[in-house]
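Single-structure report; data block below.
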Amino acid sequence: MDYVYGPGKNHLFVPGPVNIPEPVIRAMNRNNEDYRSPAIPAMTKTLLEDVKKIFKTTTGTPFMIPTTGTGAWESALTNTLSPGDRIVSFLIGQFSLLWIDQQQRLKFNVDVVESEWGQGANLDILAEKLAADHSHTIKAICIVHNETATGVTNNLATVRKLLDHYSHPALLLVDGVSSICALDFRMDEWGVDVALTGSQKALSLPTGIGIVCASPKALEASKSAKSVRVFFDWNDYLKFYKMGTFWPYTPSIQLLYGLRAALDLIFEEGLDNVIARHSRLGTATRLAVEAWGLKNCTQKEEWYSDTVTAVLVPPYIDSAEIVKRAWKRYNLSLGLGLNKVAGKVFRIGHLGNLNELQLLGCLAGVEMILKDVGYPVKLGSGVAAACAYLQNNIPMITSRV
Ligand code: PLP
């Protein structure tokens, strides 16, 4: 029974955890199994091959860890770095802030490059730091690809270009929690050394698998990295990979079947089509925001995120009230503004297994709520702007043509 029942489906538009598609729910509805039987290693082997596709890597080594995005961060850091190592890390919102806090608590020497919330990582400062670092004291660059708190997507291709331009050997560690499998992400092409994501975001699974993918250079670095790690030690995984049993400890059987089903759906749609769908969802949302006369928290078009839009509200409105009303009156779940932007923004998550008509329901709900809280919105204005764009851009469903 629901803890607090509401008729119909909850319209889940927080930027994670996201909707789980029915075939995935059904695939997970099963008993436990012996993970040492031949069945689970056989499935694990194909999963390890297939998750590489969502990172766009052929050379990376993936680890599917029973953890969340936060654990995936820790796995990336502790396997590649030693306490005291200098890392350059970009603070642009709540999730980069939390990652930096973890980096500091793990005793790295964190060189924080801060931007106003709503802006992307300041890559001019990165260029200055790389240019000045003749003795290569910077061991890693840590960057959140998509800052979920502000709806800002950073340009990773430029980060790679800068590292190459200065022939700098620093590792590139990327949080792709709200980007991988939804935004254009190219681990090999962009020379990302560790990329990571969490199952509850674009993969549309329950929370519980942190997927970390390591480049050959990152694996090499792990041999000399001195950070203490036990649960997250890649070596333990590699030992079991070699033996062909794959698991150093008990995996969630149900989540593995869920991951299999989730990847099958993604490949059936086609990863590039999935990314294009997110681009449509992002564009439609931004058109609606513009039609409402509201501003995007993201300050420049080059940083617009296709997985989450943070909408700035006028100063006389508390955005938390919008989120509260959405849930209480319309069975719609929107994302709260976090930390520095609390009360100032509400977030529309548009990622994962989601289609355009679902998004229109959310946009209609937001319009009614805006009116409820005293914002002079013309009902239908955002929906109309989104529809006008979508009607011209939605392709045929791949499997139905
Ligand atoms: N990184 C980003 C970009 C996120 O959006 C989140 C959570 O929303 C995290 C990391 C932390 O992930 P988790 O809550 O799964 O630990």
Here the gain from full extension of N109 to H136, 0.36 nm per residue of separation minus their alpha-carbon distance, amounts to 8.3 nm
Length gain on complete extension for the stretch D264 to T207, per 0.36 nm per residue less the alpha carbon to alpha carbon distance?
18.7 nm
Work out from phi, with θ = phi - 60° and the Karplus expression 6.51 cos²θ - 1.76 cosθ + 1.60, the ³J(HN,Hα) of each residue of the stretch 341-349, listed in order in whole Hz, and give x for Gly and Pro.
10, 4, x, 9, 10, 10, 10, 9, x
Rolling a 1.4 angstrom probe over the protein heavy atoms, how many square angstrom per residue are accessible across the chain?
43 Å²
Modelled label-to-label distance, I25 and L379, 7 Å Cα→beta-carbon offset: nm?
3.0 nm
Return the lysines within reach of K223: Cα separation strictly under 30 angstrom, same-chain partners fewer than 8 residues apart disregarded; answer none if there are no such residues.
K45, K52, K53, K56, K107, K129, K139, K161, K239, K242
Output row, site E116, 7 Å Cα→C-beta label point, backbone N cut-off 12 Å, window the stretch 303-337, residues none
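Where does the chain land at 222 nm, in deg cm²/dmol rounded to the nearest 500, when only DSSP H runs of n ≥ 4 count, each adding -39500 (n - 2.57), divided by all residues?
Computed ellipticity for the chain at 222 nm equals -13000 deg cm²/dmol.
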Per 0.36 nm of contour for each residue apart, how much would the distance between S279 and N339 grow if the chain were fully extended, relative to their Cα-Cα spacing?
18.9 nm
Using a Förster distance of 45 Å, how high is the FRET efficiency between M243 and A388, based on the Cβ-Cβ distance and rounded to 0.05?
0.20
Can you pull the one-decimal nm distance between simple spin-label points at N32 and S224, each 7 Å off the Cα toward Cβ?
4.3 nm
The answer for trypsin sites (Lys or Arg not before Pro) in the stretch 157-197 that fall in a DSSP coil and have at most 16 neighbouring Cβ atoms within 10 Å is R186
For the chain, the accessible surface attributable to carbon and sulfur atoms (probe 1.4 angstrom, ligands and nucleic acids excluded) amounts in percent to 55 percent
HN-Hα couplings for the stretch 350-364 via Karplus (6.51, -1.76, 1.60; θ = phi - 60°), in whole Hz with x for Gly/Pro, come out as 10, 9, x, 7, 8, 10, 5, 5, 4, 4, 4, x, 5, 5, 4
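The values are calculated or read from the model by the stated rules, or taken from the named source; none is laboratory data. The shown structure was predicted, so the numbers you read here are calculated from the model rather than taken from an experiment. Using ideal geometry, Cβ is built from the backbone for each residue, glycine included, and neighbour counts are taken over all protein chains shown. Heads up: the accessible areas ignore ligands, DNA and RNA and are worked out on the full protein's heavy atoms, side chains in. Shrake-Rupley method; radii C 1.70, N 1.55, O 1.52, S 1.80 Å.
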